[in-house]
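Here's the structure we're looking at; comments come further down.
The values are calculated or read from the model by the stated rules, or taken from the named source; none is laboratory data. Quick caveat: nothing in here was measured; it's all calculated off a predicted structure. Because the Cβ atoms are built from the backbone with ideal geometry, glycine has one as well, and the counts that use them run over all protein chains shown.
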Amino acid sequence: MSRALVLGEKHHIVAFKGAGFDVVPVEDGARLLQELVALSRDRDLGIVLVTEGLARQAPEAVEEFRRRSPAVLSIIPTHEGSLRTGFQEMRRLVESSLGIDILGKD
């Protein structure tokens, strides 16, 4: 069975334990890179959620994980509000696939 995991600042992710996620507290971008590189070798991992603020600190960590792992990685907003990182990523991917921006600018 695939595992679900969430990485982020401890105060943002602790509630995910109640939903069955494994939680990995990470406080900075350098540590996020280390954790994601290690997790990219875990073939039982199905989905990884990363808090938006943390993902913005280390976008290269997110890209590296996506290159190395078949698991889905999604960036999630916190109670502090969305920075629209997930939407911007989706728009960039759709635009690179289709050659046009069908989702529109912010």
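Quick one: how many residues across region 5-34 are among the charged types (D, E, K, R) and free of Cβ contacts under 8 Å to residues at least 12 places away in the same chain? Walk me through it before giving the result.
Pass one, region 5-34, residues among the charged types (D, E, K, R): 9-10, 17, 22, 27-28, 31.
Filter once more, so that each one left must be free of Cβ contacts under 8 Å to residues at least 12 places away in the same chain: 17, 31.
Of the residues in that region, 2 qualify.
Are there any pairs, at least 6 apart or on different chains, whose C-beta atoms fall under 9 Å, with the first in region 54-74 and under 19 Å from Lys10 (Cα atoms) and the second among the β-branched types (Val, Ile, Thr) and assigned to a helix (DSSP H, G or I), and if so, which? Short answer, once both residue conditions are applied: Ala55/Val62; Ala55/Thr85; Arg56/Thr85; Ala61/Val37; Leu73/Val62.
Restricted to region 64-83, and to residues there that are out of contact with any helix residue (DSSP H, G or I) (no Cβ under 8 Å at 6 or more places or on another chain) and either loosely packed, with under 13 Cβ neighbours inside 10 Å or part of a strand (DSSP E or B) (or both), the residue that is modelled with the lowest pLDDT is Gly81. Within region 40-63, the set of residues being within 14 Å of Ile76 (Cα to Cα) and either outside any helix (DSSP H, G or I) or aliphatic (A, V, I, L, M) (or both) comprises Ile47, Val48, Leu49, Val50, Thr51, Leu54, Ala55, Val62. For Val37, the conditions (1) of a type outside the set (Ser, Thr, Tyr); (2) in contact with a Lys or Arg (Cβ under 8 Å, 6 or more places away or on another chain); (3) touching a residue at least 40 places away in the same chain (Cβ under 8 Å); (4) assigned to a helix (DSSP H, G or I) all hold with the exception of (3). Among the residues of region 9-28, those that are in a helix (DSSP H, G or I) and either closer than 16 Å to Pro77 by Cα or among the hydroxyl-bearing types (Ser, Thr, Tyr) (or both) comprise Lys10, His11, His12, Ile13, Val14, Ala15, Phe16.
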